[in-house]
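What follows is a single structure, written as structure tokens, with notes after it.
The values are calculated or read from the model by the stated rules, or taken from the named source; none is laboratory data. Keep in mind it's a predicted model, so treat the numbers as computed, not measured. Every residue, glycine among them, receives a Cβ derived from its backbone with ideal geometry; neighbour counts consider all protein chains shown. Keep in mind that these areas ignore ligands, DNA and RNA; they rest on the heavy atoms of the full protein, side chains included. Shrake-Rupley method; radii C 1.70, N 1.55, O 1.52, S 1.80 Å.
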Amino acid sequence: MSHLSKTSSLRTFRHDLLAWYDANKRRLPWRGTRDPYKIWVSEIMLQQTRVAAATDYYKRFLKRFPTVKALAQANEQQVLAQWSGLGYYRRARMLHAAARKLDSERGAIPQTAAELRRLPGIGRYTAAAIASIAYNEPVAVVDGNVERVLLRVMGKADPWAAAQSLLDVQRPGDFNQAMMELGATVCLPKSPICTSCPVQRLCVTRGEHKTVPKAAQRKAVVHHVLSTNGKRVALIQRPERAGLMAGMWELPPGRPLKNPLLTVRHSITTTDYTVHVVRGKAPAGSVQLTMKQVAKLPLTGLTRKILRRLDLLKT
């Protein structure tokens, strides 16, 4: 049974967690702002992306698109170019579509979680995060980190109900960020740092470290061809109707050869790829582009990684 069934224990949990957060929270570029657009961009980027990887993208994206209107007026290729390398490109497309919807309706960013969920690409978690942090709406969030904390602390099967029952309604935005911070920095999946946990004495598992199992990663081997002509490199564009990374640019597929020019590891969703890059002739349908042109394109993360490893691309 959870130790948080009593009102006094709930107050203690909220107080101890927020005191720990105030003293230990990481300095992140999206913290300390109540601007709903900036919070929105950060939350979309942090879906499926580590904080360290998202930080520089966040700064560059806001420099290029500082407002909803600036984002709405850009075309999709410009948006994807700024997102290139961050992965899960549907996030960028939905963010762009939502900005265009707001701009066309001349509307402000909604102030409640319920209204936010009507925008493209904003689900329950993102809506609650924006509403609680930007507008102080008392709605709880549940992401992977929060769910792990809840499972260990409370042993509850319904994470959303558990999160809402714990929420500090006076500081909902800070409380939600504190729960996420606890899961990201202390209540880790494999080796939780229980001795540093501000709510350890109220934790129902007391060292059992229950967690949600992850799906097994699949493995695959693929080949890409590097075809250069002077200072140009051959790329192809993925079909607009492609289910994954539609419209992005990448190196053409290649055939297996001995002694590849480069081998890299790359993960996409639940698959770990071993990627061999070979030199060869550009296949039909590819386009020879200068590196200046390439730098402005929405490249797949894998292609950007390969070109950087080969010292062909600097950004």
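Figures for the structure shown
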| read-out | value |
| --- | --- |
| For region 132-195 versus region 78-105, the gap between their alpha-carbon centres in whole angstrom | 28 Å |
| Degrees separating the helix 51-64 axis from the principal Cα axis of the chain, which is the longest one | 70 degrees |
| Portion, in percent, of the accessible area of region 77-151 that falls on carbon or sulfur, probe 1.4 Å | 45 percent |
| Whole-angstrom gap from region 1-62 to region 253-294, using each part's C-alpha centre | 38 Å |
| Those lysines that a straight Cα-Cα span of less than 27 Å connects to Lys296, excepting residues fewer than 8 apart in one chain | Lys38, Lys59, Lys63, Lys69, Lys101, Lys231, Lys281, Lys305, Lys314 |
| Highest average packing first - 223-235, 267-279, 293-305, Cβ atoms within 10 Å | 293-305, 223-235, 267-279 |
| Volume per residue of the C-alpha convex hull in region 55-150, rounded to whole Å³ | 110 Å³ |
| Vicinal HN-Hα couplings computed from phi for region 225-232 (Karplus, 6.51 cos²θ - 1.76 cosθ + 1.60; Hz; Gly/Pro x) | 9, 9, 10, 10, 9, x, 9, 10 |
| Of every Cα-Cα pair in the chain, the percent that sits beyond 29 Å | 47 percent |
| Relative contact order computed over the chain (Cα-Cα under 8 Å; 6+ residues apart), in percent | 17 percent |
| Accessible surface, the chain, averaged per residue in Å² (probe 1.4 Å) | 53 Å² |
| Residues Glu105 and Asn136, FRET efficiency given R0 of 30 Å [Cβ-Cβ distance, rounded to 0.05] | 0.75 |
| Protection proxy ranking of 280-292, 123-135, 33-45, 185-197 - average other beta-carbon atoms within 10 Å, highest first | 123-135, 33-45, 185-197, 280-292 |
| Helix 7-24 axis, angle to the chain major axis (alpha carbon atoms, nearest 10°) | 40 degrees |
| Amide hydrogen neighbours beyond the local backbone of Val278, cut-off 5 Å, H modeled | His224, Val225, Leu226, Leu261 |
| Cα-based radius of gyration of region 109-222 once divided by 2.2 N^0.38 Å, which approximates compact folds | 1.18 |
